[in-house]
Amino acid sequence: MEKRIEAMTLREKVGQLFIVRPESLEPGIRYDSDAELPAYQLQAVSDGMRRRAADYPVGGVLLYGHNIADPAQLERFVRDLKALPGAPLLCIDEEGGRVSRIANNPAFDVPRYESAAALAAAGPASTYEAARTIGGYLKRYGFDIDFAPVADVNTNPDNIIIGKRAFSDDPQHAAPLVAAYVRGLQEAGVTACLKHFPGHGDTLADTHLGYAFTQKSWAEIAACEMIPFRAGIEAGAQLVMAAHIAAPAVTGNQEPATLSPVILTDKLRGELGFKGLVITDALEMGAITRQYGSGEAAVLALLAGADLLLCPLNLCEAFDAVVKAVQAGRIPASRLDEKCYSISKRLRKPVIMNT
């Protein structure tokens, strides 16, 4: 594995850090907000996408509902995406409930689940079976990673983004359900991802639109939000997604967790002992783009401790900024190699559960 990474060019290595929308690979598409993208109905690989992928060989592609029409189209699209330079991994948000790109498409004959909260009412065994079922059909369609489960604790009843996507407002109740979901999904051969670290359940605002924060101290977060995250990590989750929420009582500043060395390195890596991969939430979201450029955000996230960069608003700008940061020594070349090695080890091999 080390020899394969050593043989890669700098751009090929940097590309492994990026997971993008298919629209980012289509030169004819420019957008300022993800709300603009459904109208394009991008559901097939174009020659333009192949050319851009040759210059920007990304490590993964994330499909949304508007990229999926029916089973036959999805199979072709996945096949052609995986044939692009960089051999991108295929990712999706299929939580079970309202955020389910395949199950919420009537063209697909798959089981449908009301919500994580509804699964919680049925208990860990049912949650495990649901996750294994979801993982089973995702695997059949060629997906490698599911950005699920939601490990947030829905402690704020006025939260507009999490709600029933979380298993519970009680961390002790949520923890075994998060662990069950991770086990079920990964035993079906699909990598799970815990989100949204360090916990989006106590916030009011939507980070898709702009700034959001928690007022909690780390001691308060550790006694609540961290309980399900710890359970998911112990169950074998290989990925944790960082949220764009600020935690000023923890970091001493207003920077989002995605770009915070205190949150990603000191707390997630140091205190929780997480050895897997850290991925940002989508860098095209308003909480990032209203404060940072695509290139600056990408570099800051990597310096903070992220391994994977999800959906920058401007792929080319973000990609080129990371290349320049490595060339300038701001991001050590040895650290880039370590990230590529870890990505290959954890995401490009069969999922191995912790025992």
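Put simply, of Ala242, Ala247 the only residue that is crowded, with 22+ Cβ neighbours inside 10 Å and closer than 23 Å to Val326 by Cβ is Ala242.
Scanning the stretch 327-352 for residues that are modelled with pLDDT of 95 or more and not in a helix (DSSP H, G or I) returns Ala328, Gly329, Arg330, Ile331, Pro332. Of all residue pairs spaced 6 or more apart or on separate chains, those with beta-carbon atoms under 9 Å, a first member in the stretch 68-94 that is over 30 Å from Lys345 (Cβ atoms) and a second member that is aromatic (Phe, Trp, Tyr) are Ala69/Phe77; Asp70/Phe108; Pro71/Phe108; Pro71/Tyr141.
Here is a yes/no grid of residues against (1) assigned by TED's automatic domain parsing to the domain that holds Lys195; (2) part of a loop (DSSP other than H, G, I, E, B):
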residue	(1), (2)
Arg98	no, yes
Asn104	no, yes
Ala117	yes, no
Ser126	yes, no
Ala130	yes, no
Gly135	yes, no
Lys139	yes, no
Phe143	yes, yes
Thr155	yes, yes
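Could you tell me whether any residue of the stretch 71-90 is at pLDDT below 95, of a type outside the set (A, V, I, L, M), exposed (fewer than 13 other Cβ atoms within 10 Å of the Cβ) and part of a loop (DSSP other than H, G, I, E, B)? Within the stretch 71-90, none of the residues are at pLDDT below 95, of a type outside the set (A, V, I, L, M), exposed (fewer than 13 other Cβ atoms within 10 Å of the Cβ) and part of a loop (DSSP other than H, G, I, E, B). Criterion applied to Ile227, Ile233 was being surrounded by 24 or more Cβ atoms within 10 Å (Cβ to Cβ), under 22 Å from His173 (Cα atoms) and in the same structural domain as Asn156 (by TED's automatic domain parsing), and the one residue passing it is Ile233.
How many residues does the stretch 41-60 hold that are β-branched (Val, Ile, Thr) and surrounded by fewer than 20 Cβ atoms within 10 Å (Cβ to Cβ)? The qualifying residues number 0. Remark: pairs (first residue in the stretch 295-312, on the phi < 0 side of the Ramachandran plot; second residue modelled with pLDDT under 95 and in a loop (DSSP other than H, G, I, E, B); Cβ separation under 7 Å; 6+ apart in sequence or on different chains) are absent.
For the stretch 301-316, a residue qualifies if it is in contact with a helix residue (DSSP H, G or I) (Cβ under 6 Å, 6 or more places away or on another chain), closer than 17 Å to Leu336 by Cβ and not in a loop (DSSP other than H, G, I, E, B), and the qualifying residues are Ala301, Ala304, Leu309. Of the residues Asp320, Asp266, the single one that is without any contact (Cβ under 8 Å) to a residue 40 or more places away in the chain, in the same structural domain as Thr214 (by TED's automatic domain parsing) and either part of a helix (DSSP H, G or I) or surrounded by fewer than 22 Cβ atoms within 10 Å (Cβ to Cβ) (or both) is Asp266. When Leu63, Leu37 are checked against the criterion of being aliphatic (A, V, I, L, M) and crowded, with 23+ Cβ neighbours inside 10 Å, a single residue qualifies: Leu63.
Being on the phi > 0 side of the Ramachandran plot, in the same structural domain as Ala235 (by TED's automatic domain parsing) and either in a helix (DSSP H, G or I) or in contact with a His (Cβ under 8 Å, 6 or more places away or on another chain) (or both), is that true of even one residue in the stretch 158-171? Yes, some residue in the stretch 158-171 is on the phi > 0 side of the Ramachandran plot, in the same structural domain as Ala235 (by TED's automatic domain parsing) and either in a helix (DSSP H, G or I) or in contact with a His (Cβ under 8 Å, 6 or more places away or on another chain) (or both). When Ala298, Ala287 are checked against the criterion of being outside the structural domain of Ile233 (by TED's automatic domain parsing), part of a helix (DSSP H, G or I) and touching a Gly at 6+ places or on another chain (Cβ under 8 Å), a single residue qualifies: Ala287. In the stretch 44-69, the residue that is nearest to the chain's Cα centre (by Cα) out of those that are of a type outside the set (Ser, Thr, Tyr) and more than 16 Å from Ala83 (Cβ to Cβ) is Leu62. Kindly indicate the residue of the stretch 269-280 that is in a loop (DSSP other than H, G, I, E, B) and in contact with a Lys or Arg (Cβ under 7 Å, 6 or more places away or on another chain) and also farthest from Ala231 (Cα to Cα) among those meeting that condition. Taking the candidates together, the pick is Gly276.
The values are calculated or read from the model by the stated rules, or taken from the named source; none is laboratory data. None of the values given here were measured: they were computed from a predicted structure. Here the Cβ is made from the backbone with ideal geometry for all residues, glycine too, and neighbour counts use every protein chain on show.
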